[in-house]
Amino acid sequence: MNANVLVLNQDYQPLSICSIQRSMKLIFLEKAELLHDDPEKKLRSPREEYSFPSVIRLRRYIRVPYTKIVLSRRNVMRRDNFICQYCGKKSDLTIDHVLPKSRGGRDVWENLTTACEKCNVKKGNRTPREAQMELAAKPYRPIPITFFRDMNGGVQEPWKPYLYMT
Ligand SMILES: [Zn+2]
């Protein structure tokens, strides 16, 4: 019973991670609905069998205070799982400006991506399109939950679409 459940806000944005027990309580109180369960597992009481929650969604929207993640090289790489977004390499990583700095590309989450040295040099002063180098994922501003995937226990398959991992 030490598995975790991903909690989505009413608008399907990832909000937090909670325990199975807590998720069952939220569902029971009709504060949340079950979106995905783990079909391989069941929760059993002496009389009944319940789905094993994996993702739940709150029925009412919760306003969350905006938490800012510091824009840093490390956090850009963390967001990109420490993988070159052009070729998939996991070493010699650098930060690439998607729109090159010399052409007005800014230091913002949406313009920074993880690239290995080789790809960074190869791309040079061009956009991915000009260089015909496709990005694995469009750079985005991460939210705290983006980094939940790094936590112990790992990410369950049904969480991935909500954590921008597919
Ligand atoms: Zn590369």
Exercise. Looking only at region 18-37, which residues are among the charged types (D, E, K, R) and either buried (at least 18 other Cβ atoms within 10 Å of the Cβ) or on the phi > 0 side of the Ramachandran plot (or both)?
Worked result: GLU30, ASP37
Exercise. Can you name the residue in region 1-58 that is part of a loop (DSSP other than H, G, I, E, B) and of a type in the set (A, V, I, L, M) and, of all such residues, is farthest from PHE147 (Cα to Cα)?
Worked result: LEU29
For this session: Could you list all residues from region 60-108 that are over 17 Å from the mean Cα position of the chain (by Cα), outside any loop (DSSP other than H, G, I, E, B) and over 17 Å from ALA136 (Cβ atoms)?
Result: ARG73, LYS101, SER102, ARG103
Problem set entry | Selection count, region 78-100, where residues are more than 13 Å from the ligand (Cβ to nearest atom) and in contact with a strand residue (DSSP E or B) (Cβ under 6 Å, 6 or more places away or on another chain) | 1
Exercise. In this structure, does ARG141 turn out to be closer than 30 Å to LEU26 by Cβ, assigned by TED's automatic domain parsing to the domain that holds SER23 and assigned to a loop (DSSP other than H, G, I, E, B)?
Worked result: no
Exercise. Quick one: in region 101-154, which of the residues that are basic (Lys, Arg) and away from the ligand (no atom under 15 Å from the Cβ) is modelled with the lowest pLDDT?
Worked result: ARG149
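The values are calculated or read from the model by the stated rules, or taken from the named source; none is laboratory data. Keep in mind that what you see is a predicted model, and the values were worked out from it rather than measured. Cβ sites come from the backbone with ideal geometry, for glycine too, and all protein chains shown count toward neighbours.
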